[in-house]
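The values are calculated or read from the model by the stated rules, or taken from the named source; none is laboratory data. Note that the coordinates shown come from a computational prediction; the quantities given were computed from them, not determined experimentally. Here the Cβ positions follow ideal geometry from the backbone for every residue, glycine too, while neighbour counts run over all protein chains shown.
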Amino acid sequence: MLIDTVAWVRTEGGRILCARPRGKGVFYIPGGKREGAESDLETLVREIEEELTVRLDPATAVHVGTYEAGGPGLPADAVVRMACYTAEYRGELAPSSEIEDMAWFSYADRDRVPPVDQLLFDDLKSAGELA
C-alpha cells in the first residue's frame, strides 16, 4: 500500500517549517495527498494554500528529493512516499483548515516528526541547512 504525498520544504535560519494537524500530537512537513490526476505542483500549491494560507509560486519550485518510509500507526505493508519541493510564497503564514499549529524545527526536533520526514531532516542536516 503506497501513500503518495507531496511536501513543501521551507527552511529559514537553520530551521524547517512543520505543521501539526488538529487532534494529532505529531508534526509533519506541510503538504498532503494528491487528488485525482493532480501533478506534484498542483497538489503542493492546493495543500499549502489550504493548510497555511499562503500561495506558492510554482515557477520557483525545485524538487529536493523523494523519500519513502513506513511508520507507526500504519499497516505493516504501507509505505509513505513524500516528494519534496522548495518554492517561494506570497502571503502570511498562518495555520488554517485542518492545521492546529505550526513551528520551526531544528535537527534536535527530528524525533517529533514521522520516519519519512526524518529522512528529509537527515539530508538537510548533511547539506548544512538544519541547525
Pairs, please: C-beta under 6 Å, at least 6 apart or cross-chain, first residue in contact (Cβ under 8 Å) with a residue 60 or more places away in the chain and in segment 1-21, second polar (S, T, N, Q)?
-> VAL6/THR43; VAL9/THR86; ARG15/SER106
Please list, ordered by first then second residue, the pairs with beta carbon atoms under 7 Å, 6 or more apart or interchain, first in segment 107-131 and over 14 Å from PRO30 (Cα atoms), second modelled with pLDDT under 95 and of a type in the set (Asp, Glu).
-> none
Answer yes or no as to whether TYR85 is at negative phi and in contact with a His (Cβ under 7 Å, 6 or more places away or on another chain).
-> yes
Name the residues in segment 21-33 that are crowded, with 19+ Cβ neighbours inside 10 Å and not aromatic (Phe, Trp, Tyr), would you?
-> ILE29, PRO30, GLY31, GLY32
Would you mind finding the one in ARG10, ARG20, ARG55 that is of a type outside the set (A, V, I, L, M, F, W, C), in contact with a Pro (Cβ under 8 Å, 6 or more places away or on another chain) and at negative phi?
-> ARG10
